[in-house]
Amino acid sequence: MDETQIASLLKSSDIFPLPQSLKLSYGTAGFRGDASLLDSTVYRVGILSSLRSLKLKPSTIGLMITASHNRVSDNGIKVADPSGGMLSQEWEPFADQIANASSPQELVALIREFIEREEISIGGGGDVGEVWLGRDTRPSGESLLRAAEIGVSSVSGCVAVDKGVLTTPQLHWMVRAKNKGLNATESDYFESLSTSFKCLIDLIPVKKLESSKLVLDGANGVGGEKMEELLRGYLRNLDVEVRNTGRDGGVLNESVGADFVQKEKVVPLGFGVNDVGVRCASFDGDADRLVYFYVSSGDKIELLDGDKILSLFALFIKEQLNTLEGKLSRLGVVQTAYANGASTDYLKGLGLDVVFAKTGVKHLHEKAAEFDVGIYFEANGHGTILFSESFVSLLVGKQKDLSEGSDEYNAVSRLVAVSNLINQAVGDAISGLLLVEVILQHMGWSVQKWNELYKDLPSRQVKVEVPDRTAVVTTSEETEALKPLGIQDAINGEIKKYKRGRAFIRPSGTEDVVRVYAEASTQEDADSLGDSVAQLVKSFLGSG
Ligand SMILES: CC(=O)N[C@H]1[C@@H](OP(=O)(O)O)O[C@H](CO)[C@@H](O)[C@@H]1O
Ligand SMILES: [Mg+2]
């Protein structure tokens, strides 16, 4: 790193001092916090993205400004690697270090040490690093994006490209496509999704169901807007009514959206008794999560969460794979400790290979990539289906040899179309919704019929505010607490009191809370187990 580069970094970092008492961690899904405190963080992650692009050159890195399901006054930033997946976990400690550096001098020293260790060469002449920036609809997004641009371009030879307002999965998709040398604009994304969706519709053998309207809750965020764009420009015949678009004064994620619906299990704003029985879906604030529901009565809903979506996808994929001659592939599904116990029983009953990962899609993605076809979902609705490149090539080769219209040809064509429809980079509410819709039509199922695949065990989630959530340390599966000492024995004591009782605690990686999950054979029991474990958290850690 030469003197001019050092001077440039010192100068730009002076504009973005670290707010006092801010302690940041890259967490489950990037840095998050109150938007007014994040300029320096975003600027520094801009620098990191440039270094990542230089390290892996020639490659484009993505940088998304969003705080997903968090409140509107929060914001955050996460990095997409050239594959379109999450930033390699090996770089997270460096992200934490630079985000917390207390002075420009410390920041430069850390960068200097890191680029030497990683053997990154800066300033080779010409523009060699490229970072694509996207943001959700949060009002703070635009100024934070400017800070990110300054960070990116303060590394010599790197350019920032503002891609505007996007869903998180759109940016990941575009980054992946760009690095594969494919067309990578937003309209290419819409084109790819709509073409493969239409192909799957055409492959439905017998139309068993009159397609009925779907009502979508857009969480007053970017997802509703983009869904409308897709419907207007590419899928005119798809009957979807979008509510909570953010245009009618509604607030992002406030009593709306996938996180609210999944955690509270009540109707989002804008939905009610007139919608009883109608198929409805909710996106989260940056449209990487999808859940379905229908109103049963009053404000009560029947929730079809990520586990149910996973089960539907697994059934459909398995049906296609079974139609192929010979055993060509390994199909696996990945869940977390938050998966409803009934869903795991159901998936195992289908004879599927079920594996568990830690919370956070980066962990699930990694495990799913070990299969030829790996389906992963968090209960909250974040998930996708990964197809290995070799399996897709095998399918494409097979398609050429088979006679058009045969059962096997159709099954192969469906699998190829799914691999194009479903986002291979990251969970994507829009592409997930399209796949659910097509599978329901293929099966001839209503949302109620789909819901009957299995009955969820009653569960309860509680957030507990404590003075220091890092005092909770769990095992790698996150199902047992190692610290504070004694708390796990106390939790086990509570669990024992309930039929089919299961409960665990872990510190959230996106909010300043300890999360409690409880499951039991009745709702009263799940609530009571959740409450007593929350009480234990308070008595061991104190109230926040
Ligand atoms: C219980 C739960 O829903 N946790 C969510 C939440 O993480 P926490 O670390 O639990 O705050 O946000 C993550 C990012 O969206 C998501 O991956 C994860 O599943
Ligand atoms: Mg999200």
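The values are calculated or read from the model by the stated rules, or taken from the named source; none is laboratory data. Since we're looking at a predicted model, the values are computed, not measured. Note: ideal-geometry Cβ built from the backbone for every residue, glycine included; neighbour counts use all protein chains shown.
Structure above, values below:
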quantity	calculated
Some residue of segment 232-240 being in a loop (DSSP other than H, G, I, E, B) and within 16 Å of ligand 2 (Cβ to nearest atom)	no
Of all residues in segment 168-214 being among the β-branched types (Val, Ile, Thr) and crowded, with 21+ Cβ neighbours inside 10 Å, the one that is nearest to ligand 1 (Cβ to nearest atom)	Thr168
Flag for Glu478 being out of contact with any Leu (no Cβ under 7 Å at 6 or more places or on another chain), modelled with pLDDT under 95 and not hydroxyl-bearing (Ser, Thr, Tyr)	yes
Residue that is within 21 Å of Ala160 (Cβ to Cβ) and either outside the structural domain of Arg135 (by TED's automatic domain parsing) or of a type outside the set (Val, Ile, Thr) (or both), where the choices are Ser53, Ser21	Ser53
Those residues of segment 100-148 which are more than 24 Å from Pro19 (Cβ to Cβ), assigned to a loop (DSSP other than H, G, I, E, B) and over 32 Å from the mean Cα position of the chain (by Cα), in sequence order	Ser121, Ile122, Gly123, Gly124, Gly125, Gly126
Asp259 over 30 Å from Gln5 (Cβ atoms), in contact with a strand residue (DSSP E or B) (Cβ under 8 Å, 6 or more places away or on another chain) and surrounded by 14 or more Cβ atoms within 10 Å (Cβ to Cβ)	no
Tabulated pairs, segment 274-287, first in the same structural domain as Arg135 (by TED's automatic domain parsing), second away from ligand 2 (no atom under 16 Å from the Cβ), C-beta under 6 angstrom, 6+ apart or interchain	none
Residue check, Leu310 under 26 Å from the mean Cα position of the chain (by Cα) and either away from ligand 2 (no atom under 16 Å from the Cβ) or in contact (Cβ under 8 Å) with a residue 60 or more places away in the chain (or both)	yes
Counted residues, segment 396-426 - those being assigned to a loop (DSSP other than H, G, I, E, B), out of contact with any Leu (no Cβ under 8 Å at 6 or more places or on another chain) and not β-branched (Val, Ile, Thr)	7
Residue in segment 251-259 that is out of contact with any helix residue (DSSP H, G or I) (no Cβ under 9 Å at 6 or more places or on another chain), closer than 28 Å to Thr66 by Cα and more than 16 Å from ligand 1 (Cβ to nearest atom) present	yes
Condition met for Gly224 (within 16 Å of ligand 2 (Cβ to nearest atom), farther than 21 Å from Leu434 by Cα, crowded, with 17+ Cβ neighbours inside 10 Å and not assigned by TED's automatic domain parsing to the domain that holds Val438)	no
Whichever residue in segment 457-504 is assigned to a strand (DSSP E or B) and touching a residue at least 40 places away in the same chain (Cβ under 8 Å) and, among such residues, is farthest from Ala520 (Cα to Cα)	Val464
Residue identified as within 30 Å of Pro458 (Cβ to Cβ) and within 12 Å of the chain's Cα centre (by Cα) among Gly360, Gly374	Gly360
Hey, Ile301 more than 16 Å from ligand 1 (Cβ to nearest atom) and in a helix (DSSP H, G or I) or not	no
Of all residues making up segment 46-78, the number that are of a type in the set (Val, Ile, Thr) and touching a Gly at 6+ places or on another chain (Cβ under 7 Å)	4
Cross-chain or 6+ apart pairs with Cβ under 6 Å, segment 243-269 first and in a strand (DSSP E or B), then more than 16 Å from ligand 1 (Cβ to nearest atom)	Arg243/Asp217; Arg243/Gly270; Val266/Asp299
Count of segment 431-456 residues which are in contact (Cβ under 8 Å) with a residue 40 or more places away in the chain, more than 24 Å from Phe391 (Cβ to Cβ) and part of a helix (DSSP H, G or I)	8
Residue in segment 490-509 that is within 16 Å of ligand 1 (Cβ to nearest atom), under 28 Å from Leu290 (Cα atoms), of a type in the set (Ser, Thr, Tyr) and modelled with pLDDT of 95 or more present	no
Enumeration of residues in segment 331-388 that are within 15 Å of ligand 2 (Cβ to nearest atom), part of a loop (DSSP other than H, G, I, E, B) and of a type in the set (A, V, I, L, M, F, W, C)	Ala379
Residue within segment 67-79 that is surrounded by fewer than 20 Cβ atoms within 10 Å (Cβ to Cβ) and polar (S, T, N, Q) present	yes
Arg117 being outside the structural domain of Asp428 (by TED's automatic domain parsing), crowded, with 24+ Cβ neighbours inside 10 Å, of a type in the set (D, E, K, R) and at pLDDT 95 or above	no
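Every residue, every condition in (1) under 19 Å from Asp456 (Cβ atoms); (2) in the same structural domain as Gly218 (by TED's automatic domain parsing), yes or no:
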| position | (1), (2) |
| --- | --- |
| Leu238 | no, yes |
| Arg247 | no, yes |
| Ala258 | yes, yes |
| Leu269 | no, yes |
| Arg289 | yes, yes |
| Phe316 | no, no |
| Gly326 | no, no |
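For every residue, the table says whether it meets (1) modelled with pLDDT under 95; (2) more than 16 Å from ligand 1 (Cβ to nearest atom).
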| position | (1), (2) |
| --- | --- |
| Ile6 | yes, yes |
| Leu18 | yes, yes |
| Ser25 | yes, no |
| Arg32 | yes, no |
| Ala35 | no, yes |
| Tyr43 | no, yes |
| Ile47 | no, yes |
| Pro82 | no, yes |
